[in-house]
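What follows is a set of notes on a single structure, which appears directly below.
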Amino acid sequence: MSCLILIGMMGAGKTTVGKELARRRKVRFADCDQEIIARTGVSIPTIFEIEGEEGFRRRETQMMDELSQEPDIVIATGGGVVTTPANRGLMRERGVVVYLDVPPAVLYERTRHDRNRPLLQVDNPRQRIEELYRQRDPLYREVAHLIVEGGRGNPGTMVRMIENGLQKLARQKPKSTPCEP
């Protein structure tokens with residue numbers, strides 16, 4: 001395995017599941033948003049406030065480019081990573097992309113008290129999650145090599161579902177892919 005990339009909406013469990021997946025595979029785990037925070041020394045909401053979403057997306061693309069070149073890594077992306085066409089191409093080309101598909105109602109329950117999500121600081125966060133899901137779900141599906149239904153079960157269950165899916169992918173694909181599961 002070279003590069004395993006987890007995508008999905010905010011609150012889908014990419015970081016939690018990614019940490020467990022990396023631990024089981026004995027590889028490095030990186031959270032793209034946390035790497036940006038460490039590099040800049042400020043929070044994601046602060047970056048949004050100063051540079052806007054466009055500025056944040058530029059930083060996200062740079063970080064994805066760097067992380068996806070590392071050998072043996074599990075990367076948890078930010079929920080909006082797929083909104084940038086360059087990111088979709090980069091992820092699809094350099095890694096095995098796993099979409100954690102979690103229903104909007106579950107996403108809302110998981111994120112409703114989190115003040116570190118700039119896109120949810122609106123009057124109706126539930127409606128905003130539903131809108132973002134409708135916009136992003138087709139993009140997640142476009143880039144994903146594997147789709148795992150989330151929202152039920154614990155992180156260990158999700159990891160087992162991913163590992164089973166990766167085994168099936170490995171049996172289906174010719175071994176000429178840049179990142180073998």
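Taking into account only those residues within the stretch 127-139 that are farther than 8 Å from M9 by Cβ and within 16 Å of the chain's Cα centre (by Cα), which is surrounded by the fewest Cβ atoms within 10 Å (Cβ to Cβ)? Walk me through it before giving the result.
Looking only at the stretch 127-139, we keep the residues that are farther than 8 Å from M9 by Cβ, and these are 127-128, 130-131, 134-135, 137-139.
Next cut, within 16 Å of the chain's Cα centre (by Cα) only: 135, 137-139.
Numbers: Q135: 12, D137: 16, P138: 9, L139: 19.
The selected residue is P138.
The number of residues in the stretch 60-81 that are surrounded by 19 or more Cβ atoms within 10 Å (Cβ to Cβ) and either in a helix (DSSP H, G or I) or in contact with a Leu (Cβ under 9 Å, 6 or more places away or on another chain) (or both) comes to 13. Annotation: E35 fulfils all but one of (1) of a type outside the set (A, V, I, L, M, F, W, C); (2) modelled with pLDDT under 95; (3) over 14 Å from V159 (Cα atoms); the unmet one is (2). The number of residues in the stretch 4-24 being surrounded by fewer than 22 Cβ atoms within 10 Å (Cβ to Cβ) and in contact with a strand residue (DSSP E or B) (Cβ under 7 Å, 6 or more places away or on another chain) comes to 3. The requirement of being modelled with pLDDT under 95, of a type in the set (A, V, I, L, M, F, W, C) and either under 17 Å from the mean Cα position of the chain (by Cα) or surrounded by 18 or more Cβ atoms within 10 Å (Cβ to Cβ) (or both) is satisfied by F56. Taken over the stretch 28-50, residues that are surrounded by 15 or more Cβ atoms within 10 Å (Cβ to Cβ), assigned to a helix (DSSP H, G or I) and of a type in the set (D, E, K, R) amount to 2.
What are the residues in the stretch 74-95 that are touching a Ser or Thr at 6+ places or on another chain (Cβ under 8 Å) and within 24 Å of R171 (Cα to Cα), if any?
Here is the first cut: in the stretch 74-95, the residues touching a Ser or Thr at 6+ places or on another chain (Cβ under 8 Å) are 75-76, 84, 86-87, 90-91, 94-95.
Within the stretch 74-95, I75, L90, M91, R94, G95 qualify.
Contact map, the stretch 37-58: first residue farther than 15 Å from G78 by Cα, second residue surrounded by 12 or more Cβ atoms within 10 Å (Cβ to Cβ), Cβ cut-off under 7 Å, separation 6 or more or different chains; pairs are T40/I47. Note on the stretch 82-181: enclosed helices (runs of 4 or more DSSP H) holding 2 or more residues that are hydroxyl-bearing (S, T, Y) and modelled with pLDDT of 80 or more are 125-143. Which residues, taken from the stretch 63-78, are more than 15 Å from the chain's Cα centre (by Cα) and over 24 Å from G13 (Cβ atoms)? Answer for the stretch 63-78, where residues must be more than 15 Å from the chain's Cα centre (by Cα) and over 24 Å from G13 (Cβ atoms): Q69, P71.
The values are calculated or read from the model by the stated rules, or taken from the named source; none is laboratory data. Computed from a predicted structure; not experimentally measured. Backbone-built Cβ (ideal geometry, glycine too); neighbour counts: all protein chains shown.
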